[in-house]
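What follows is a set of notes on a single structure, which appears directly below.
Just so it is clear, none of the values below were taken in a lab; they were calculated from the coordinates. The structure displayed is predicted, hence computed values, not measured ones. Counting neighbours? That spans all protein chains shown, and the Cβs are built from the backbone with ideal geometry, glycine included.
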Ligand SMILES: [Zn+2]
């Protein structure tokens with residue numbers, strides 16, 4: 001209820017203004033407006049609280065998902081024989097180096113000494 005003398009916003013049930021002490025006279029329209037304002041304010045607060053709870057829940061689920069992914073995903077690191085990666089999971093830094101040496105059978109035979 002808004003005080004007619006000082007325009008202080010009081011509760012809907014106050015008889016006297018909390019700021020200036022003037023008596024507040026109730027009329028149907030003023031009570032209705034005040035109750036309507038308070039109801040809208042409560043709905044806005046409730047909506048804000050629900051939004052905050054959804055955000056916190058979403059952030060928690062996101063963090064749990066990331067933790068789950070980090071802890072429980074253990075991909076087999078590809079083998080690297082020449083340049084090992086910095087860590088087991090650093091597959092992006094891995095350099096695959098394959099070298100196939102073809103040796104003919106005749107080259108392996110030791111020539112006979114006389
Ligand atoms: Zn007042």
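Listed residues 45, 33; which is without any contact (Cβ under 8 Å) to a residue 12 or more places away in the chain, assigned to a helix (DSSP H, G or I) and either within 16 Å of the ligand (Cβ to nearest atom) or surrounded by 11 or more Cβ atoms within 10 Å (Cβ to Cβ) (or both)? Give the steps one after another, and end with the answer.
Working: 45 fails: either within 16 Å of the ligand (Cβ to nearest atom) or surrounded by 11 or more Cβ atoms within 10 Å (Cβ to Cβ) (or both).
Just one listed residue meets the conditions, 33.
Just name the residue that is farthest from residue 37 (Cα to Cα) out of those in region 1-16 that are more than 8 Å from the ligand (Cβ to nearest atom) and assigned to a loop (DSSP other than H, G, I, E, B).
Our first condition is that a residue be more than 8 Å from the ligand (Cβ to nearest atom); within region 1-16, this holds for 1-2, 9, 11-16.
After this cut, where a residue has to be assigned to a loop (DSSP other than H, G, I, E, B) as well, the list is 1, 11-15.
Numbers: 1: 10, 11: 11, 12: 10, 13: 14, 14: 15, 15: 18 Å.
That would be 15.
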